[in-house]
Structures are given as C-alpha cells and as structure tokens.
Amino acid sequence: MDTFFLIESVVKIFTMIAAVMGLATILTWVERKQSAVMQDRIGANRADIFGIRIIGLFQPFADAIKMITKEDYIPPFGNKVLHMIAPAIAYIPVMLLFAVIPMGPPLEIGGRIVNTQIANIDIGLLFIFAFGGIAVYGAVIGGWASNNKYALIAAIRTSAQMISYEVCLGLSLIGAIMIYGTVDLSQMIAEQSGHWFGWIPRWGIFIQPLGALLFIPAAIAENKRIPFDLPEAESEIIGYYTEYSGLKGGLFMMTEFIEMVLISALFSVIFLGGWNVPWLEYNGFNFPWGGTWTLNIWVVKGMQFGAYFLKVAVLIYFFTLVRWTLPRFRYDQVMRLGWRYLFPLALINLLITGIAVVLFA
C-alpha cells in the first residue's frame, strides 16, 4: 500500500473525528447559551478552572465528568446486551456518514492532489441515504431493551417519524440530483461554481428553492429536535432513552448534536455551494465589472475552508434558534405535516424539476 495514501487516510480520519466531536461538544455550550438568551438569562457559567470561567466555556468538560462518574444503570428486567449496544448502533452510522462529506476544497501537497473526503466515492449521497436509515435501529432497540412501556412507546414514535420524514428528505434531494447529474458530493460542489449573469451564484438554493425549503423541516425531524422531538418528548421527560444514564445516555445526546453538524454540512454541500465563494477562483477574486484581486493559492484555499465552515456554523445556529423558538408538535400534527403537506410538495417539486430538465437540457 502507498505510504503517502496510508498517512493521508489516517490524518483525515483523525481530523474528521476531532473536528466533529469537538464541534458537537461546543454545541452543548451553544445550546445552553442560546436558551439563556431566549429566556433572558445568563446561562451556565459556574464551571471554572482555577477561577477562570470564560463565559461558561468549561461547562462541556463539567458535563463530560458528570457523565463519566454517573452510575451506569441497566434495568433489572431489560435486555442487558441490547441495552449496552443500542447507543453505539445510533452513534456509529452517523459518524460513518462523515466519511463521504467533503471537509474542504482539494489540496495539492508534494505534487499530489489530496481530497478532503475520507472516502472519495462517486455514490456519496446514496451512501448517506443507506447508512442514515440505520440510526433508527439504535433508538428502537434502546427503547425495547429497556423493558419500559414509555420508552417502548417513544421508540415506536421514533421509527414512525424517522421513516416518514426520510421519504420527504430523499425526495427533496432528488431534484438536485437530476440537475447536477451526479450523486458525488464533490462533483455537486463543482457544479455550483460560476454565476448567472455574472452576479447570481449557481448554488443549489437558487436552482432548487423548494427542495431546500423542504429539506430543512425534514432534516430537523430526522434529527428529532424541537418542534419534532416526539421520540424524546423533553417537556414530559419521557423518551426512548429514559432508562439510560452515564456515558450511554450521554452518547445518545451527543449523537443528536453530531446529526445537527451532519445535516448542516449536507445542506451546505448540496444547496449553498460548499466551499464556493462568489467571484473567488483559483487565482483570487474576478469581479463581474472586470476588476481582479490576485491572491496566493493558499490564501484562496484558506478562504474557501473559512467560507465552508461559516456556512455550516450559520446553519447550526439556525437549527439551534428553531429549537428554542417553536413549541413541540402533537403526534398527529407531525404525521399530517409530513404526509399531507411536505410529501405532496416534494412530488410537485420533482415533477417541475423533471419538466425543466427535459425542456432546458
């Protein structure tokens, strides 16, 4: 095996894990602070190191210590084996999906082109569809293995909600697939370079506005966050991981934040041009009025990485804002929204896109 390829793969894997887990950890602090802002409070700021608090940034470390030291409770009449592995079944598929998500533009190192994807495969979006559906098993198994009727009811609600909204989520992306002509995520970003009339970016949100609009509620429902938190029902303190504590309960919670990073990155790649910046090309800025601003190639790459991260960060903040703004739907409202409104709109979007592709191909 090529030594360079081996080193490259190891570096990308550890970088991805560190970036995703680090961002998910910070999101626990962002969630607390956002709730405090919405409720006119200061928020968590008690955790400190040697008296230094830094607006509560050490709170995630305190949360981690709490999770590690809490009792690892297993219901006496539950299935101990399945109860142990259920959090991993929910966590591992979500982390695997980041293998096909581009983390930034390709880099040239030592005369070799290095892709920022761990697995640069041409079926990236299909891979996400396939493994994304596996995560529901973790929630269902966790609820069933607890031998708790309330946890089991929540697990059933979870499976119904996630399967229902996976349909809309997939249909909302098929329009983009038809236009881009590929399911390779890197190629999708490449298809969004350039501009219309020199001013309007060729981003997916302008090509597929209805698809982008449908993706957002479907993704939030898949993420099981308010207003679609029926599986957890946080206000009633009942959910599929009611009988979980310690690290296993923390892993379920961490998976929720990791999913939020995932859907933000996926939306950025498909609808916001990924790392594309208006008028920024390989040699710098080329403005439509004829002006240019030449930049070093590494400055260009840095700006592209920064733009990609900024898009993901803004989307994450938006999802956090929604979580602390809207009330929770009833079960019948969630099902009605998915099947009677989002699903027909997704089909209409698919029909219009198909006609447009045939007429303007």
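The values are calculated or read from the model by the stated rules, or taken from the named source; none is laboratory data. Only a predicted model underlies this, so the values are computations on that prediction, with no experimental measurement involved. All Cβ positions, glycine included, derive from the backbone under ideal geometry; neighbour counts span all protein chains shown.
Quick rundown of the values:
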| read-out | value |
| --- | --- |
| Top-ranked residue of the range 8-36 - restricted to ones that are over 25 Å from Met95 (Cα atoms) and touching a residue at least 40 places away in the same chain (Cβ under 8 Å), ranked as surrounded by the fewest Cβ atoms within 10 Å (Cβ to Cβ) | Ser35 |
| Candidate set from the range 89-140 (those that are assigned to a helix (DSSP H, G or I) and of a type in the set (Ser, Thr, Tyr)); member that is farthest from Val261 (Cα to Cα) | Tyr137 |
| Residue that is surrounded by the most Cβ atoms within 10 Å (Cβ to Cβ) [pool: residues in the range 55-75 that are of a type outside the set (A, V, I, L, M, F, W, C), within 13 Å of Tyr244 (Cα to Cα) and modelled with pLDDT under 85] | Pro75 |
| Single residue of Ile189, Ile207 found to be of a type in the set (Val, Ile, Thr), touching a residue at least 12 places away in the same chain (Cβ under 8 Å) and under 21 Å from Gly354 (Cβ atoms) | Ile207 |
| Filter result (crowded, with 22+ Cβ neighbours inside 10 Å and of a type in the set (A, V, I, L, M)) within the range 141-170 | Ala145, Ala151, Ala154, Ala155, Met162, Leu169 |
| Members of the range 141-197 found to be in a loop (DSSP other than H, G, I, E, B) and within 16 Å of Ile128 (Cβ to Cβ), listed by number | Thr182, Val183, Asp184 |
| Residue within the range 58-65 that is in contact (Cβ under 8 Å) with a residue 60 or more places away in the chain and polar (S, T, N, Q) present | no |
| Test: Thr15 is hydroxyl-bearing (Ser, Thr, Tyr) and within 19 Å of Phe98 (Cα to Cα) | yes |
| Some residue of the range 73-82 being closer than 25 Å to Ser35 by Cα, in a helix (DSSP H, G or I) and either out of contact with any Gly (no Cβ under 6 Å at 6 or more places or on another chain) or in contact (Cβ under 8 Å) with a residue 24 or more places away in the chain (or both) | no |
